[in-house]
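The values are calculated or read from the model by the stated rules, or taken from the named source; none is laboratory data. All values reported here derive from a predicted model rather than from experimental measurement. Quick reminder, even Gly has a Cβ in these numbers, built from the backbone with ideal geometry, and neighbours come from all protein chains shown. Just so you know, the surface numbers come from the protein's heavy atoms only, side chains and all, with ligands and any DNA or RNA stripped out. Shrake-Rupley method; radii C 1.70, N 1.55, O 1.52, S 1.80 Å.
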Amino acid sequence: MNNHAHFIIDSNGADISRIMHSLDFRYAINYNNKYHRHGHLFQDRFKSKIINNENYLIKASAYIHRNPVDIKKYANSPEKYNYSSLGVYLGIKKRYLWNT
């Protein structure tokens with residue numbers, strides 16, 4: 001999944017567009033600094049769907065946490081994917097280990 005990401009965000013009534021702009025902007029600054037580049041990183045606007053019931057929340061979470069199985073290395077162990085919270089939810093990891 002090197003070309004997209006999925007998030008479940010409780011905006012708590014805040015403007016999701018502002019939240020995503022801030023997230024994208026900060027990520028782009030860090031990425032550009034790290035790789036000595038400049039400019040936009042994301043081609044399209046983000047897509048969002050309102051989760052308005054528990055059933056849909058569970059389905060969305062399952063979909064997101066199952067995404068790494070498309071990567072050969074994680075086909076049988078998506079909980080080991082470093083950029084996923086699945087290991088945390090399963091009690092395997094204590095926190096996100098994005099830099100490992």
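Rounded to the nearest 20 debye, what is the charge dipole size of the chain about its Cα centre when +1 sits on each Lys and Arg Cβ and -1 on each Asp and Glu Cβ? Mind dumping the intermediate values first?
Details: 15 positive and 7 negative charges, 71 e Å.
With only Lys, Arg, Asp and Glu charged at Cβ, the dipole is about 340 debye.
At a Förster radius of 30 Å, what calculated FRET efficiency corresponds to the Cβ-Cβ distance of residue 80 and residue 15, to the nearest 0.05?
Plugging the Cβ-Cβ distance into 1/(1 + (r/R0)^6) gives 0.30.
Just the number please: accessible area per residue for the chain, 1.4 Å probe, all protein chains included, in Å².
Numbers: 8900 Å² over 100 residues.
Computed with neighbouring chains in place, this is 89 Å² per residue.
Determine, for the chain, the count of lysine pairs separated by eight or more sequence positions (or lying on different chains) whose alpha-carbon distance falls under 21 Å. Present the calculation step by step, with values, prior to reporting the outcome.
Values: 47/59; 49/59; 59/80; 72/80; 73/93; 80/93; 80/94.
Taking the chain as the scope, the lysine pair count is 7.
What number do you get for the range 1-46 when its Cα radius of gyration is normalised by 2.2 N^0.38 Å, N = residues?
This ratio for the range 1-46 stands at 1.27.
Starting from the Cα-Cα distance between residue 4 and residue 27, subtract it from 0.36 nm times their residue separation and give me the gain in nm to one decimal.
Contour length minus the Cα-Cα distance gives 7.0 nm.
Quick one: Cα convex hull volume of the range 6-100, Å³ per residue?
143 Å³
At 7 Å along Cα-to-Cβ for each site, give me the label-to-label distance between residue 56 and residue 69 in nm.
Rounded to a tenth, the inter-label distance reads 2.4 nm.
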